[in-house]
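Everything on this sheet refers to the single structure shown next.
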Amino acid sequence: MDYMGMTQEEVQKDIERMQRELQERLEKMTPEERAAAEAKAQQAMREDDAALQKLIEDATKVAADVSSGAATKPKFCGNCGAPAGTGNFCEFCGRPLS
Ligand SMILES: [Zn+2]
C-alpha cells in the first residue's frame, strides 16, 4: 500500500476503518462462511509460502553456481574434449578452461 503524502494519523484512521469493515463483514457471516473464509486465507498463505520457498531455493542455487564458477565454466575441455575438473586448467592438456 502506498502511504505517501498521508500523515501517521490518517494512516491509523484508515487502518481502523478497514478493521471495522472487516469486523462488520465477519459478524454478518455464518460460522460456516467464516470457516470457509479462514480456510481460504490459510490456503493462500500456504501457497505464498511455497512460492517464496521456491524463490529462495532458486536464488540459493544460482548463488552457489556463480560462486563455484559452474555457470561460466565449460564441462569439457575445448581443446582435447576431456572432462573439465574443478581447476582452471585442463588436467589432460593444460589448456585454460574459460
Ligand atoms: Zn584438454
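Any read-out appearing in this document is the output of simple, stated calculations on the displayed coordinates, not a laboratory observation. Model, not experiment: these values are computed from the prediction. Counting neighbours? That spans all protein chains shown, and the Cβs are built from the backbone with ideal geometry, glycine included.
Quick look at the numbers
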read-out: Residue of E16, E32, E47 that the Gaussian network model of the chain assigns the largest fluctuation, springs spanning Cα pairs under 10 Å; value: E16
read-out: Long-range tail of P(r) for the chain (Cα pairs > 21 Å, %); value: 68
read-out: On Cα atoms only, tilt of 31-68 relative to the major axis of the chain in degrees; value: 20
read-out: Trypsin sites (Lys or Arg not before Pro) restricted to DSSP loop in region 12-98 with at most 12 other C-beta within 10 Å; value: K75
read-out: The chain: most fluctuating residue of M29, M45, M18 per GNM, C-alpha cutoff 10 Å; value: M18
read-out: Linear extension gain, V11 paired with F76, 0.36 nm per residue minus alpha-carbon span; value: 17.4 nm
